[in-house]
Structure formats: C-alpha cells, structure tokens
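The values are calculated or read from the model by the stated rules, or taken from the named source; none is laboratory data. All values derive from a computational prediction rather than experimental measurement. FYI the Cβ positions are ideal-geometry reconstructions off the backbone, even for glycines, and counts take in every protein chain you see.
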Amino acid sequence: MNEEFIQYIHNRQSGITNVPPNGAIAGWALRLLDLVFPERQTHPDRTADQLRAQFVQSQQELVSILNRTKACEECNNDLVAQHFFDYLSELHRIMRTDAESIYDGDPAATSEFEVIRSYPGFFAISLYRLAHALLRLEVPLIPRILTEHAHSETGIDIHPGAVIGEYLFIDHGTGIVIGETAVIGNRVKLYQGVTLGALSVEKVLANTKRHPTIEDDVIIYAGATILGGETVIGHDSIIGGNVWLTSSVPPHSTAYHQPTVKIVDSKAAH
C-alpha cells in the first residue's frame, strides 16, 4: 500500500466531525415511528406511563444526536428537540392523512394497517416528514441522512427541503425523485418513476427555486418528468405516463404522451 496515501487518510481523520453513525441516526427515527405507529410493532402493550417514558427517552436521544453532530454549536439543542416533540402530534396527524390517502387510492390495499406496516411509499413519506420538521428547525445534516436512508430502503428519493402538503399518495414509488425546492399541494398522487427535478444543476443556483410546483389534486402517472422552478402544474390536472414537461400547465388540464406503437404479426410476415 502506498505510504503517502495512508498518511493522507490519517491526516483527513482530524477534520471529520464527530457525527453519530448514519445507522444510529436512522435507528432513532425508526424507533420513533414505532412509538407513534403501534401498527409497526408486534403485540404493543404499554401503559400510558411507559409510553410517556419512551417519548422522553426518544427526545433525550435526539438531544444526544444533535450534541454530537456539532454542526450547529451555537444552537440550543434541548430547545430544538423540545420544539420537535411539541410538533410531533401534528406531524402524526399529517402522516395519518398519507396512510389514508394510500389506502383509499390503492385497490390492492386491504387496510391502513397494511399501508403503515408494509408500504414503501408510506415509509418514505414518514421519514421525509420527520426530516422536514427537523430541517425547519435548522437542524443540519441529520434530515438528509434520514431521507437517504428511506431512499436506500425504498428507491424513493425525497429531499427533506421539499414542501409537501397533506394526503400524499405514492403508489409503488420506485424511482420517484422529488427535488429540494419542489412544492407539492394537498391530495397529490404520484406513481413510480416520477421526477420533479431541476432544469439545471449548476452550483450557483443552490439558493434558488429550481424544482416545480404541483398544486392540489394533481395526478402524475408513471415515468413523467417535470422540470424547472417556474413550472407550475395547475390544480386538478392529470399528467400522463412518460410526459416530459418544462413549462406550466393550467388548472384542470390533461397532458399526455402519444407514442407510436407498431405490432407486427411474425407469422403473417412469412
């Protein structure tokens, strides 16, 4: 092994922030989801006092994670964690709307229990909801770690900075990408392979709105790509599969792609 390379790696160690392992951060979030959704557990049977104690423990875990991250040394991490847990009941209510939307929108779903326990779309949305709430409290790094954990588990990539309304429906979900500055309204339905992306990925555009706005009650079918910060999909519109959009669509519109499909009878050809 090249000795110079070993010394280079050794020197790099001194500049690494003492952040907890990604697995430990994700583990905290998953345990919190277990707390707020007993459906994720087997035979949950806890008294109110036990639940209260577990929430206190979860809050203390978050403070410990924030303290170790040290990316915001001037922050009052106890206060940040308190604000997050004060908001948790409202966050739970919003996540329940997502479960309801997925159950109502998917004929294959037999119950909200099934959605909460097994649906990758609900899992990815839930971790996004936790991550976005932390990001709003100006918590660095941790929100992205949480959504990337969901990404690795489900193939659904939701940036924690995206602003997403209630009753989000994600069906199947694999390959969905929702960019940092995307804005999504209420009761929006997204199918697999949808991209809400940017027209340009130049670094100088980091602090600008680069991703589209999707208004209320929009359905976007599989494989559609919608790009650009000025692109607005008007409410109650339907975007068909494989559509590519870089300009706005007015409310109550339908946009669809018309491919040419040719079927050749191989027997007739001979």
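Take the conditions within 30 Å of N77 (Cα to Cα) and at pLDDT 95 or above and apply them to R187. Does it pass? The answer is no for R187. Residues that are among the acidic types (D, E) and over 26 Å from the mean Cα position of the chain (by Cα) within the stretch 221-270 comprise just one, D265. If you take the residues of the stretch 38-54 that are of a type in the set (K, R) and not in a loop (DSSP other than H, G, I, E, B), which of them is surrounded by the fewest Cβ atoms within 10 Å (Cβ to Cβ)? So the residue we want is R52. Cβ-Cβ contacts under 9 Å between residues 6 or more apart (or on different chains), taken from a first residue in the stretch 84-107 that is loosely packed, with under 14 Cβ neighbours inside 10 Å to a second residue that is part of a helix (DSSP H, G or I) and among the polar types (S, T, N, Q), are absent.
This table checks each residue for (1) of a type in the set (D, E, K, R); (2) modelled with pLDDT under 95; (3) over 19 Å from V19 (Cβ atoms); (4) out of contact with any strand residue (DSSP E or B) (no Cβ under 8 Å at 6 or more places or on another chain).
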site: L35; (1), (2), (3), (4): no, no, yes, yes
site: S64; (1), (2), (3), (4): no, yes, no, yes
site: T69; (1), (2), (3), (4): no, yes, no, yes
site: H83; (1), (2), (3), (4): no, no, yes, yes
site: S89; (1), (2), (3), (4): no, no, yes, yes
site: H92; (1), (2), (3), (4): no, no, yes, yes
site: D98; (1), (2), (3), (4): yes, no, yes, no
site: S101; (1), (2), (3), (4): no, no, yes, no
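Kindly establish whether Q59 is assigned to a helix (DSSP H, G or I), among the polar types (S, T, N, Q) and closer than 19 Å to S126 by Cα. When the stated conditions are applied, Q59 passes them. Here T195 passes the criteria (1) within 27 Å of L141 (Cβ to Cβ); (2) at pLDDT below 95 except the one numbered (2).
Out of the residues in the stretch 63-83 that are part of a loop (DSSP other than H, G, I, E, B) and of a type in the set (A, V, I, L, M, F, W, C), which is surrounded by the fewest Cβ atoms within 10 Å (Cβ to Cβ)? Even if it seems obvious, please write down each step before you answer.
Initially, the stretch 63-83 is screened for residues part of a loop (DSSP other than H, G, I, E, B), giving 70-76.
When the remaining residues are screened for being of a type in the set (A, V, I, L, M, F, W, C), the result is 71-72, 75.
Working: A71: 13, C72: 15, C75: 17.
The extreme case among them is A71.
When A29 is tested against (1) over 19 Å from the mean Cα position of the chain (by Cα); (2) within 27 Å of G185 (Cβ to Cβ), only condition (1) is not met. Exactly one condition in (1) in a loop (DSSP other than H, G, I, E, B); (2) touching a His at 6+ places or on another chain (Cβ under 8 Å) is not met by G175; state its number. (2) is the only condition that G175 fails.
Out of the residues in the stretch 166-175 meeting the condition of being touching a strand residue (DSSP E or B) at 6+ places or on another chain (Cβ under 6 Å) and of a type outside the set (D, E, K, R), tell me which one is surrounded by the fewest Cβ atoms within 10 Å (Cβ to Cβ).
Per the stated criteria, the residue is F169.
Just wondering, is there one or more residues in the stretch 209-217 that are farther than 21 Å from I102 by Cβ and of a type in the set (K, R)? Can you show your working first?
Just the residues of the stretch 209-217 that are farther than 21 Å from I102 by Cβ, to begin with: 209-213.
With the extra rule that they be of a type in the set (K, R), the set shrinks to 209-210.
Looking through the stretch 209-217, at least one residue is farther than 21 Å from I102 by Cβ and of a type in the set (K, R).
For A99, work out the one condition from (1) outside any helix (DSSP H, G or I); (2) in contact with an Asp or Glu (Cβ under 7 Å, 6 or more places away or on another chain) it doesn't fulfil. Against the list (1) outside any helix (DSSP H, G or I); (2) in contact with an Asp or Glu (Cβ under 7 Å, 6 or more places away or on another chain), A99 comes up short only on (1).
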